[in-house]
Amino acid sequence: MSTVLITGARAPIALDLARSFEAAGHQAHLADSIRPWSARLARHARGRLHHFAAPRFVFTQFAADLVRLVDELDPKWIIPTCEEVFYVAEAGAQHGFGQRVLAPSPARLRTLHSKFEFAVFARASGVAAPETTRVSSRDDLKPWRGRAEEIVLKPEFSRFASHTRVRPTLEEFDAVAPTPQAPWVVQNFAPGDEICIWSTSIAGEVVAFAAYKPLWRLGQSASFYFETDNDPALLAMTRAIAKATGASGQLSFDVIRGADGSITPIECNPRGISGIHLFDGDPRLARALLGEATLQTPSAEARHLAPAMLLFGGPSALARGRIAAFNRDLARSKDVLSVPGEPWLGLGALLDASRFTLIGLSRGRSASGQSTDDIEWNGEPIR
């Protein structure tokens, strides 16, 4: 039996991973810098939920806490699920347990997280990423003002499509103010349908893969409905980039599939995303992450997060005249929080969402922004 430490316990996918490892006969411990209700109320986390300092704000203490957990648990893998991945990898590099972290090196993580550096890396890997330029001042932006309808603007380091301007109006364009400390990127707009990909590779070989259409979502932010997409071109693109990294770790992508079937990756998130839900805690996933199985893909057709689907999807469907589509999609899917033997997961998720919403409102942030406040990384030195 192996032990794994899954960080980012606030994320519902962390509990999916824990169930997968338990089903495979291994023991999963979870950790976070907050005490999330979803994990506190989960049977799979009972007695195995740990706390560490907020990595973004007190990295030295966070690293010390993580060293203590590594010494105590002796995990085969430390599996980050959220943006704490950057801090976990840095702590591992500094304190000698980097080989246990299921993530690329800190330098490679930076390349993948940067909207500019990733585009360069993808093209060097033979993948057709869109032309992307880093801009550090308003003067750098000027040449694109007359082409605003052909581009996408976004911070070089960002998440949840925060601040992204797709084919911006001139008013939106002029409001962007990049600086050397907070650069943005200008990316050629790629028309087509957005697809999300989650994968894990071991030494550059993809061992787990899930692609999905984000059918229901809050604006441009994270989706709460996931429909599996089995296009082989998505796996081929993922394999090319994973092979180029040569690393072990999670690679998630937002890609655009053009009308001609072409696949264009527009950004990479080197961490977990909702595609993990499509595995339903299957032990096959744990075995793949432990290097004990060949490529694993989900059998689920569609999954959803019921609280978000009802709170946001329902009103959106009413406003857009899509109630029939909403009811059809809800009926053919399964709630990822409705797990046998886990009656309180939905309540825990609601409590966590309420916490992030209320604290965010008090601080002038969105709920999604508040949810990563203590773990996000925007390219600054980690010390």
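Couple of notes before you dig in:
So that you can scan it fast, the table gives a plain yes or no per residue for (1) among the aromatic types (Phe, Trp, Tyr); (2) at pLDDT 95 or above:
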| position | (1), (2) |
| --- | --- |
| Pro12 | no, no |
| Phe21 | yes, yes |
| His26 | no, yes |
| His29 | no, yes |
| His51 | no, yes |
| Pro55 | no, yes |
| Phe62 | yes, yes |
| Leu69 | no, yes |
| Ile78 | no, yes |
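- Pairs with Cβ under 7 Å, 6+ apart, first in the stretch 274-285 and of a type in the set (Phe, Trp, Tyr), second surrounded by 19 or more Cβ atoms within 10 Å (Cβ to Cβ) and in a loop (DSSP other than H, G, I, E, B): Phe279/Pro298
- Hits in the stretch 310-365 (condition: free of Cβ contacts under 8 Å to residues at least 40 places away in the same chain, not in a helix (DSSP H, G or I) and not charged (D, E, K, R)): Gly321, Ser338, Pro340, Pro343, Gly364
- Residue list for the stretch 230-279, filter: part of a helix (DSSP H, G or I) and of a type in the set (A, V, I, L, M): Ala233, Leu234, Leu235, Ala236, Met237, Ala240, Ile241, Ala242, Ala244, Ile276, Leu278
- Any hit, the stretch 38-46, residues being at pLDDT below 95, buried (at least 17 other Cβ atoms within 10 Å of the Cβ) and not in a helix (DSSP H, G or I): yes
- Contacts under 7 angstrom Cβ, first residue in the stretch 47-61 being farther than 18 Å from Glu380 by Cα and touching a residue at least 12 places away in the same chain (Cβ under 8 Å), partner aromatic (Phe, Trp, Tyr) and in a helix (DSSP H, G or I), 6 or more apart: Phe52/Phe62; Ala53/Phe62
- Residues of the stretch 280-305 that are closer than 20 Å to Arg217 by Cα and outside any strand (DSSP E or B): Ala300, Glu301, Leu305.
- When His51 is tested against (1) over 17 Å from Arg284 (Cβ atoms); (2) crowded, with 20+ Cβ neighbours inside 10 Å, only condition (2) is not met.
- Elements of type strands (runs of 3 or more DSSP E) contained in the stretch 117-229, each with 1 or more residues being within 22 Å of the chain's Cα centre (by Cα), surrounded by 16 or more Cβ atoms within 10 Å (Cβ to Cβ) and aliphatic (A, V, I, L, M): 151-155, 184-188, 193-202, 205-217
- Put simply, of Pro214, Pro232 the only residue that is touching a Cys at 6+ places or on another chain (Cβ under 7 Å) and in the same structural domain as Ile273 (by TED's automatic domain parsing) is Pro214.
- Verdict on Ser333 being touching a strand residue (DSSP E or B) at 6+ places or on another chain (Cβ under 6 Å) and either of a type in the set (S, T, N, Q) or in the same structural domain as Ala9 (by TED's automatic domain parsing) (or both): yes
- Residue in the stretch 305-312 that is over 21 Å from the mean Cα position of the chain (by Cα) and within 30 Å of Gln94 (Cβ to Cβ) present: no
- Restricting the first member to the stretch 237-266 and to residues that are without any contact (Cβ under 8 Å) to a residue 60 or more places away in the chain, and the second to residues that are among the aromatic types (Phe, Trp, Tyr) and not in a loop (DSSP other than H, G, I, E, B), the beta-carbon pairs closer than 9 Å and six or more apart or on different chains are Thr238/Phe209; Thr238/Phe253; Arg239/Phe209; Ser252/Trp198; Phe253/Trp198.
The values are calculated or read from the model by the stated rules, or taken from the named source; none is laboratory data. From a predicted model like this one, the values you see are computed outputs, not experimental measurements. Glycine also receives a Cβ, built like all others from the backbone with ideal geometry; neighbour counts cover every protein chain displayed.
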